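Report on one structure; see the data block that follows.
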Amino acid sequence: METDFLVIGSGIAGLTYALKTANHFKDKKVVLITKTQADETNTKYAQGGIAGVWDEENDSFEKHIEDTLIAGDGLCNKNIVEIVVKEGPERIREIIEYGARFDKDASGEYSLGKEGGHSENRILHHKDVTGKEMERALLEELQQHKNIELVNHCYVVDLITQHHLGYLVTKSTQDITCFGVYVLNLRTNKIEKILSPVTLLATGGCGQAYRTTTNPRIATGDGVSMVYRAKGKIENMEFIQFHPTALFEPGVSPSFLITEAVRGDGGILRTKEGEAFMERYDPRKDLAPRDIVARAIDSEMKKAGTEHVYLDCRHMDNEKFIHHFPNIYEKCLSIGIDVMTQMIPVAPAAHYSCGGIKTDEWARTSIRNLYACGECASTGLHGANRLASNSLLEAMVFAHRAFLDIVAKAEETADPFSLSFNGEGPLKEKVPDWNARGTSDPKEMILITQSQKELQQIMSDYVGIVRNDVRLQRASKRLDLLHEETEMLYQATKVSPQLCELRNLITVGYLIVKGAQFRKESRGLHFNTDHPEKSGLLQNIIL
Ligand code: FAD
Ligand code: SIN
């Protein structure tokens, strides 16, 4: 297949970009690929909402910028923070125009929630299912565009670059160029190539690298891993954000989130004895940034030898709670917890990857003709710790910027979107078909599923909220073995999504561990008890 624009991922980032591109280039074709159903994304599960300066009387860009910088603990790129905060409200207006509904108060104004690290109320939300509502609006809008072809159940295996034309590509190659992707069509079970002069990765997060995560099954770090294999730049992977309050429900995966907005509305974290412990850790108490709250909970759990703490909502207004958080209320009731009379057992869970594919202010990666935005990208917004509800905003801002960049290219160059490299003839003929010679059907899926469990165990036990040098070294050694075994399997077995995801998760695990080993300090989400202070050197770790 050949297309003018290729988009991998149907979450907020991929959909926003696809819509804008299709709308502007009406005579061009946009192919949008997703590995399962279109709406099975991290986006769909977003609860709390989207941050934006809306209340001009009490809030300001300066305050939102300051809050983001404080959460990021010295590593945010200030220019990028300003771009996102200042352009964010316009992007929110656009999605409202597409039909996304955000809750309003009795006076008809948007009801603005508050979450950890925010100095003002600035979170627009749709009850406690904001992401689902945004995803719905975007997918409905997509149907209006005949030049977008949505291809579900298609698993992208690898990027195509000049490596596939026989050129040597290393980390120091200056002009690595992307021509499209190899995909496993899950309907035919065949690997096909899709060529495109412009590709955007919007493949989301990698929470599945951990045993306990709020992320759905699709979040396996595929985009990051593909770019790393193609010798592109990956940044700051050590900053994995653990959400402080996932519902403690042993054996259930992914973990159900109890949005931070519950604490924003007055929920209080307590030990099993009922002590409100956050005041011992931070003056902002339950609304301190996430890294601080998650570490405090981790410390309380370790002290008490328990697997969870409690979130107390019993004092909150019954009617208001059910109105704002109907989904949480119902979920808790379904497992026998009436939040109005009982405390909710909660524990931290891997939630968000602050690092990822290194991009510039136009969402360009280090690989030519390849853009990335959304959770798979590292734009410089989050630094060492993401401020709550900034990621939906970031995804829309950079989807728009990637779109603007291709519009600018189209205006500047006579033939901006031709598929070519180094004077090579039609790439359609030059890019080889996938080579599956010597591989056979997998004999035992357990080899894959068991390795994934091992990986999650290693990452959770040794590379979690609190790290140290010995644990990181152990993780590194064990990942080496898993890597070796999985590569052998990959060489001998027909490609399947499960095998590719395992391979990608191992790569992501390796990048997290390497980043954590290089960062000989504690900053933001990375806390190493052997290096508990911040070093004076402010640097991003690029692998
Ligand atoms: P996603 O929405 O995750 O979409 C990824 C897409 O990529 C999917 O379509 C998937 O099929 C596709 N894909 C991936 N790999 C492949 C492959 N190999 N081949 C083909 N397709 C592929 N953020 C906020 O700002 N506010 C919140 O309130 C909030 N709440 C959250 C609650 C939960 C429970 C979770 C998990 C996250 C929350 N976040 C929140 C974070 C936010 O939802 C995500 O960061 C954001 O939605 C990511 O969007 P995305 O478009 O980058 O990726
Ligand atoms: C939440 O609702 O607590 C999640 C918000 C986020 O991850 O930004």
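The values are calculated or read from the model by the stated rules, or taken from the named source; none is laboratory data. Computed from a prediction, not measured in an experiment: that's the story for all the values here. Reconstructed Cβ throughout: ideal geometry from the backbone, glycine too, with neighbour counts over all protein chains shown. The protein model used for the area step is the full one, side chains on, heavy atoms only, and it has no ligands, DNA or RNA in it. Shrake-Rupley method; radii C 1.70, N 1.55, O 1.52, S 1.80 Å.
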**Report entry** Selected residue (only one of ASP291, ASP286 is surrounded by 24 or more Cβ atoms within 10 Å (Cβ to Cβ) and under 20 Å from the mean Cα position of the chain (by Cα))
**Finding:** ASP291
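Look through ILE65, ILE96, ILE160 and report the one residue that is open to solvent by less than 40 Å² (accessible area, probe 1.4 Å) and more than 15 Å from ligand 1 (Cβ to nearest atom). Break it down into steps so the answer makes sense when it comes.
Values: ILE96 fails: open to solvent by less than 40 Å² (accessible area, probe 1.4 Å); ILE160 fails: more than 15 Å from ligand 1 (Cβ to nearest atom).
After applying the criteria, what remains is ILE65.
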Report task. Give the residue that is nearest to ALA395 (Cα to Cα), with candidates limited to residues of the stretch 13-59 that are in a helix (DSSP H, G or I), near ligand 1 (Cβ under 7 Å from one of its atoms) and open to solvent by less than 10 Å² (accessible area, probe 1.4 Å). Result -> ALA13
**Report entry** Residue selected from the stretch 225-244 under the condition open to solvent by less than 10 Å² (accessible area, probe 1.4 Å) and within 14 Å of ligand 1 (Cβ to nearest atom), by the criterion farthest from the chain's Cα centre (by Cα)
**Finding:** PRO244
Report task. Quick one: GLY356 ticks every box in (1) within 16 Å of ligand 1 (Cβ to nearest atom); (2) more than 30 Å from GLN457 (Cβ to Cβ); (3) touching a helix residue (DSSP H, G or I) at 6+ places or on another chain (Cβ under 6 Å) except a single one, so which number is it? Result -> (2)
Requested in this report: Look at SER119 and say whether it is open to solvent by less than 20 Å² (accessible area, probe 1.4 Å), touching an Asp or Glu at 6+ places or on another chain (Cβ under 9 Å), polar (S, T, N, Q) and in contact (Cβ under 8 Å) with a residue 40 or more places away in the chain.
Outcome: no
**Report entry** Given (1) within 16 Å of ligand 2 (Cβ to nearest atom); (2) assigned to a loop (DSSP other than H, G, I, E, B); (3) among the β-branched types (Val, Ile, Thr), index of the condition THR245 fails
**Finding:** (2)
Requested in this report: Starting from residues that are free of Cβ contacts under 8 Å to residues at least 24 places away in the same chain and of a type in the set (A, V, I, L, M), keep the ones in the stretch 405-446 and report whichever is surrounded by the most Cβ atoms within 10 Å (Cβ to Cβ).
Outcome: ALA408
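So which of GLU394, GLU375 ends up being open to solvent by 10 Å² or more (accessible area, probe 1.4 Å), within 9 Å of ligand 1 (Cβ to nearest atom) and within 13 Å of the chain's Cα centre (by Cα)? Spell out the reasoning first.
Values: GLU394 fails: open to solvent by 10 Å² or more (accessible area, probe 1.4 Å).
Answer to the check: GLU375.
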Query raised in the report: If you check LYS331 against the conditions, is it open to solvent by 40 Å² or more (accessible area, probe 1.4 Å) and under 30 Å from PHE179 (Cβ atoms)?
Result: no
Query - Pick from the stretch 347-372, criterion within 15 Å of ligand 2 (Cβ to nearest atom) and either open to solvent by 20 Å² or more (accessible area, probe 1.4 Å) or over 12 Å from the mean Cα position of the chain (by Cα) (or both), ranking: farthest from VAL84 (Cα to Cα) - result: ALA347
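Okay, residues lined up against (1) among the small types (Gly, Ala, Ser); (2) surrounded by fewer than 15 Cβ atoms within 10 Å (Cβ to Cβ); (3) without any contact (Cβ under 8 Å) to a residue 40 or more places away in the chain:
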position	(1), (2), (3)
LEU511	no, no, no
ASP530	no, yes, no
LEU537	no, yes, yes
ASN540	no, no, no
Report summary line: Only unsatisfied item for LEU381, checking (1) open to solvent by 10 Å² or more (accessible area, probe 1.4 Å); (2) within 16 Å of ligand 2 (Cβ to nearest atom); (3) in a loop (DSSP other than H, G, I, E, B); (4) farther than 20 Å from GLY464 by Cβ, is (1)
Report summary line: When HIS243 is run through (1) under 30 Å from ILE367 (Cα atoms); (2) in contact with a His (Cβ under 8 Å, 6 or more places away or on another chain), the failure sits at (1)
Requested in this report: Would you be able to tell me the number of residues in the stretch 67-113 that are over 26 Å from LYS132 (Cα atoms) and assigned to a strand (DSSP E or B)?
Outcome: 0
Query raised in the report: What is the one condition in (1) open to solvent by 10 Å² or more (accessible area, probe 1.4 Å); (2) touching a Phe, Trp or Tyr at 6+ places or on another chain (Cβ under 7 Å); (3) among the basic types (Lys, Arg) that LYS171 does not satisfy?
Result: (2)
Query raised in the report: If you scan the stretch 48-58, which residues turn out to be at pLDDT 95 or above and within 16 Å of ligand 2 (Cβ to nearest atom)?
Result: GLY49, ILE50, ALA51, GLY52
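Results for (1) of a type in the set (Val, Ile, Thr); (2) part of a helix (DSSP H, G or I); (3) at pLDDT 95 or above; (4) within 24 Å of VAL156 (Cα to Cα), shown as yes or no for each residue.
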| position | (1), (2), (3), (4) |
| --- | --- |
| ILE458 | yes, yes, yes, no |
| VAL470 | yes, yes, yes, no |
| ARG474 | no, yes, yes, no |
| MET488 | no, yes, no, yes |
| GLU501 | no, yes, yes, yes |
| THR507 | yes, yes, yes, yes |
| ILE512 | yes, yes, yes, yes |
| GLU521 | no, no, yes, no |
Report summary line: The condition of being in contact with a strand residue (DSSP E or B) (Cβ under 7 Å, 6 or more places away or on another chain) and open to solvent by 30 Å² or more (accessible area, probe 1.4 Å) holds, among LEU165, LEU150, only for LEU150
Query raised in the report: Within the bounds of the stretch 424-436, is there any residue that is touching a strand residue (DSSP E or B) at 6+ places or on another chain (Cβ under 6 Å) and under 30 Å from ASP530 (Cα atoms)?
Result: no
